[in-house]
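Before anything else, here's the structure in question.
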Amino acid sequence: MSDRRTRPSRHRHSSFGWTPFFVLFFAVSPLFISTVQGMMAQQQQHLILVGGGHAHAQVLTSLNDAARPAHLKVTLIDPQVAATYSGMVPGCIGGYYSAADTKIDLVAVTQWAGIEFVHDKVVDMDFEKQCVFLKKNPAPLYYDAISLDVGSTTRGWTTTPGAREYTIPTRPIDALVRRLQDELDDNQRVQLVVVGGGAAGIELSMAVTSRYPNIDCTILDAGQQLLPSENEACRHMVQTRLTELHITVQHDAAVAQVTADRVVLQNGTSVPYTHCIWAAGAEAPALSQHLHHQRGLAGTPEGWILVHPTLQSISHPAVFAAGDCASIQGLLRGPPPKAGVYAVRAGPVLVQNLLQFLEGTKPRTVYEPQEDFLKLLVCGDNQALGFRFGIPFRGKWVFEVKDAIDRNFMNLFAQENLPDKSRIQRGEYNTQQYDAMVEDLTPLEPEEAAMLLQRSDDGVDFQQAWRVLRAMARDTTYREQVLHCVEQSTASAISHKNVYK
Ligand SMILES: Cc1cc2nc3c(=O)[nH]c(=O)nc-3n(C[C@H](O)[C@H](O)[C@H](O)COP(=O)(O)OP(=O)(O)OC[C@H]3O[C@@H](n4cnc5c(N)ncnc54)[C@H](O)[C@@H]3O)c2cc1C
């Protein structure tokens, strides 16, 4: 367990109670100077990481005890011993992965990294004293710097009457997997209602319905159309797959309340159910709402923590935040959406800025979230759907691309892949993005590339298609050329207005 006596350095500075006489007597002596220098050099600093989610995963491995300064102690606090990688959750529910495949073992990773793991939940903070308060252990933990990666909760689940009582929320995500696996089986007739027509609600519906054939599924979407930020061609592809799986979608279906067997809509109608998944989007977690509203940490009115593009709090310099719980201020395009991909890519930036702050310099590594990302949804039959640059994809190859991306990330934290620490030099931090190691060979010619991306047969080489997508992301000219070829071949299908460029 943690060393409860750890205090932030600045508090220990103020604890010297020497008299002016004593100071005068020794101040000029070389013995005094070298003693103070020695004390300063060895003064321990304490970094607390709250939450072992997507954004902190790489921080944990990068700040291992072979690489980080000897005087820097790192503690991770999380009420869960394993972090669930959400990208693989619908695949797990769909029967492609085991629950263990979707988890990062926080105990094993922190043990390897020489990071103390405190199995507890942060319930409050004192920014003046620089300490956190835990749910189980009454002793506060003091920090010199702290980083919050506490994710989000499911929007409206606690405030919609009956939702908490009768529905299965998407958060915590490992509980979602457990409950669905426990409550659904092959023999029982299930009337499933999924509240929320976003990517998570759609993907979960497709995964569950394709895995359990005895399910009638209805998606309740509060808006007028699914995935409004995608173009018509992408929406059409999703709708086609939903129809194939006999999944019904009701639009303008905002939920007023949930009873034991019906979901009651605001328009007065109701939908019967036996099981209901609440997937209505992300809401600021209780901790960040509390810290903003009660403790004065800068935040949005909804309770997301406001940070600079360096991920440092705009009000409290020793506080950093990343992932869903943070809202980055000062980006031209505004804060990125709440998605795991943005949390994961914040990790290397956090590593650099936390170290810079602890060294006493101004954090200067800026997080520039990508404008858009490759969205991939498991849809059953060993296939996935995807969208990028306004192009819809479907097929076995799309599933294989998704599987490769997800496994590459998870492999970084598998015990057998953690590097030999005796080969890591002090100060040698891994601040590369997790996918930087993927080999980038020359992609296909634009015309061939466009044809490949539009194929859905099993003969597509996923490596080749993935290479094309990566090349389109990094090379604007190549992207324009491929998009031009796609548009020519599907002239009427893709709306120019909505194509991502
Ligand atoms: C079904 C589903 C599928 C999804 N699929 C995708 C996808 O394919 N791609 C994608 O980009 N995004 C996806 N998302 C969104 C993605 O899950 C989130 O954006 C992502 O998890 C955010 O990561 P994070 O690091 O902010 O938090 P999380 O990964 O949620 O981690 C938060 C951590 O903080 C801990 N914690 C919480 N409160 C406290 C506390 N008070 N004290 C200490 N620890 C605490 C939790 O235990 C947890 O370990 C999906 C979401 C859902 C629900």
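The values are calculated or read from the model by the stated rules, or taken from the named source; none is laboratory data. Please read these numbers as outputs of a predicted model, since none were measured by experiment. Methodologically, a virtual Cβ is constructed for each residue, glycine included, from the backbone with ideal geometry; neighbour enumeration extends over all protein chains shown. Quick note on the areas: whole protein, heavy atoms, side chains included, nothing else; ligands and nucleic acids left out. Shrake-Rupley method; radii C 1.70, N 1.55, O 1.52, S 1.80 Å.
Do the conditions hold for T61, that is, is it more than 11 Å from the ligand (Cβ to nearest atom) and of a type in the set (S, T, Y)?
Answer is yes for this residue.
What number of residues in region 164-181 are of a type in the set (S, T, Y) and modelled with pLDDT under 95?
Going through region 164-181 one residue at a time, the tally reaches 1.
Moving to a separate point now. Condition first: open to solvent by less than 80 Å² (accessible area, probe 1.4 Å) and not in a helix (DSSP H, G or I). Now tell me which residues in region 408-426 satisfy that.
Residues satisfying the conditions are L412, F413, A414, L418, P419, I424.
Are there any pairs with C-beta distances below 6 angstrom linking a residue in region 329-354 that is closer than 14 Å to H308 by Cβ and assigned by TED's automatic domain parsing to the domain that holds M88 to a residue that is open to solvent by less than 10 Å² (accessible area, probe 1.4 Å) and near the ligand (Cβ under 9 Å from one of its atoms), with the two at least 6 apart or on different chains, and if so which?
A346/A55; A346/A322; L350/A322
Only one residue in Y367, Y429 is at negative phi, at pLDDT 95 or above and aromatic (F, W, Y). Which one?
Y367
Looking at L245, L226, L265, L291, which one is farther than 30 Å from I314 by Cα and either small (G, A, S) or open to solvent by less than 10 Å² (accessible area, probe 1.4 Å) (or both)?
Of L245, L226, L265, L291, the one residue that is farther than 30 Å from I314 by Cα and either small (G, A, S) or open to solvent by less than 10 Å² (accessible area, probe 1.4 Å) (or both) is L265.
Could you tell me which of the residues T269, T240, T248, T259 is at pLDDT 95 or above, out of contact with any strand residue (DSSP E or B) (no Cβ under 7 Å at 6 or more places or on another chain) and under 30 Å from P392 (Cβ atoms)?
Checking each option against the conditions leaves just T240.
Please specify each residue of region 143-182 satisfying the condition of being more than 13 Å from the ligand (Cβ to nearest atom), touching a residue at least 24 places away in the same chain (Cβ under 8 Å) and either β-branched (V, I, T) or touching a strand residue (DSSP E or B) at 6+ places or on another chain (Cβ under 6 Å) (or both). Working first, answer last.
First, pick out the residues of region 143-182 that are more than 13 Å from the ligand (Cβ to nearest atom): 143-145, 156, 158-167, 178, 181-182.
Adding the requirement that they be touching a residue at least 24 places away in the same chain (Cβ under 8 Å) leaves 143-145, 156, 160-163, 165-167, 178, 181.
Matches in region 143-182: Y143, D144, A145, T160, P161, G162, A163, Y166, T167.
Another question, if that's okay. Going residue by residue through region 324-331, is there one that turns out to be away from the ligand (no atom under 12 Å from the Cβ) and crowded, with 16+ Cβ neighbours inside 10 Å? Talk me through it step by step, then tell me what you get.
First, the residues of region 324-331 that are away from the ligand (no atom under 12 Å from the Cβ): 328-331.
Now narrow it down to the ones that are crowded, with 16+ Cβ neighbours inside 10 Å: 328.
Within region 324-331 (the criterion being away from the ligand (no atom under 12 Å from the Cβ) and crowded, with 16+ Cβ neighbours inside 10 Å), the answer is yes, since at least one residue qualifies.
Would you be able to say whether some residue in region 126-135 is in contact (Cβ under 8 Å) with a residue 60 or more places away in the chain, open to solvent by less than 20 Å² (accessible area, probe 1.4 Å), within 9 Å of the ligand (Cβ to nearest atom) and out of contact with any His (no Cβ under 9 Å at 6 or more places or on another chain)?
yes
Among the residues that make up region 87-107, is at least one of them in a strand (DSSP E or B), of a type in the set (D, E) and either surrounded by fewer than 23 Cβ atoms within 10 Å (Cβ to Cβ) or out of contact with any Leu (no Cβ under 9 Å at 6 or more places or on another chain) (or both)?
Yes, region 87-107 has at least one match.
Which fully enclosed strands (runs of 3 or more DSSP E) of region 217-289 have 1 or more residues being under 16 Å from T167 (Cα atoms) and in contact with a Cys (Cβ under 9 Å, 6 or more places away or on another chain)?
So the answer is 255-258, 262-265.
So which residues in region 64-75 are within 16 Å of the ligand (Cβ to nearest atom) and either modelled with pLDDT under 95 or of a type in the set (A, V, I, L, M, F, W, C) (or both)?
We begin by selecting, within region 64-75, every residue within 16 Å of the ligand (Cβ to nearest atom); these are 74-75.
V74 - this is the single residue of region 64-75 that is within 16 Å of the ligand (Cβ to nearest atom) and either modelled with pLDDT under 95 or of a type in the set (A, V, I, L, M, F, W, C) (or both).
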